[in-house]
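Structure first, then comments.
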Amino acid sequence: MTIPPKVRVLPAEPRDGPALAKVEIDAFSEGALSEIMFGPASDEAIAYRGKELTELIEKKDPRKHYVKAVVGDDEKIIALGIWQFFLDEEGNSANCPETQDVNKKEWPPGANLEACKFFFGNLYRWREERRGQRHAFLSVLVTDPAHQGIGAGSALMKYGLDIADREKIPSWLESSRKGYPLYRKFGFQDTKRFTFDLTRYGREGKSDAVEMVRPQREN
């Protein structure tokens, strides 16, 4: 019997950008939706996203926590979580990076603009509805496909939910089908959904995005 390696959660550093990008792109590339929007995983895509993550982490926005799950003595990065904490109404009423105008957003090279604008336009509308409210938002949670099932996702979930519970704020996220069971396990409930029709782009079936909320916990 193989004993799973111990997972540790650490703050991400700017130099982690390329490794975090590879984990994220490898995780999302398992689904047809990501390939429709951004094309197959490539070194160019990883470099683009790695630069973006490096710059975001360097900004040190106190509301945004970039956290990584690592294993081994060499601290191999196997998962990424991006939590955002809006602890007062005033601080969240100003424009913040979690929402953007899809017609002005800079998309990665080769992106399918029609598909991206439909998908992210729906997500950004959900996010706008949270503006001005105290809440925690999990914007990204991805695990390297080769290291799934050893608790990395759960560890990153617990990191953010512990803060949310301490601050007595609700948490919310946008779920794909794959992440849905984990989020339900941690007490998230469905609130909204929209469907992306994969057949419009030569694939089979549909892909649902689900808005999920975990109510404020009273300690």
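Quick look at the numbers
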read-out	value
Share of Cα-Cα pairs in segment 8-214 lying beyond 26 Å, as whole percent	32 percent
Which of Trp172, Trp126 has the fewest Cβ neighbours within 10 Å, and the rest in rising order	Trp126, Trp172
Cα gyration tensor, segment 10-112 - rounded (a/c under 1.5), prolate or oblate	oblate
Within straight-line cross-link reach of Lys76, lysines at Cα separation under 25 Å, skipping those fewer than 8 residues along the same chain	Lys6, Lys22, Lys51, Lys59, Lys60, Lys64, Lys68, Lys158, Lys178
Fluctuation leader among Arg15, Arg63, Arg203 - the chain, Gaussian network, Cα springs under 10 angstrom	Arg203
Semi-axis lengths, Å, segment 154-219, gyration tensor of Cα atoms, sqrt of 5 times eigenvalues	29, 11, 8
Computed magnitude of the charge dipole of segment 22-177 (debye, nearest 20; Cβ of K, R +1, Cβ of D, E -1)	400 debye
Charge tally in the Cβ shell below 10 Å around Asp16, where Lys, Arg are +1 and Asp, Glu are -1, Asp16 excluded	0
Antiparallel content of DSSP bridges confined to the chain, in %, to 5	90 percent
Choice from Lys105, Lys168, Lys76 showing the highest fluctuation, given a GNM over the chain with Cα pairs closer than 10 Å	Lys105
Amide proton proximity set for Arg193, modelled H, under 5 Å, gap of 5+	Glu211
Of Pro18, Pro109, Pro145, the one that fluctuates the most in a GNM where the chain has Cα springs shorter than 10 Å	Pro109
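Throughout, read-outs are computed from the coordinates displayed, never taken from laboratory work. From a predicted model like this one, the values you see are computed outputs, not experimental measurements. Cβ: placed from backbone, ideal geometry, glycine included. Neighbour counts: every protein chain shown.
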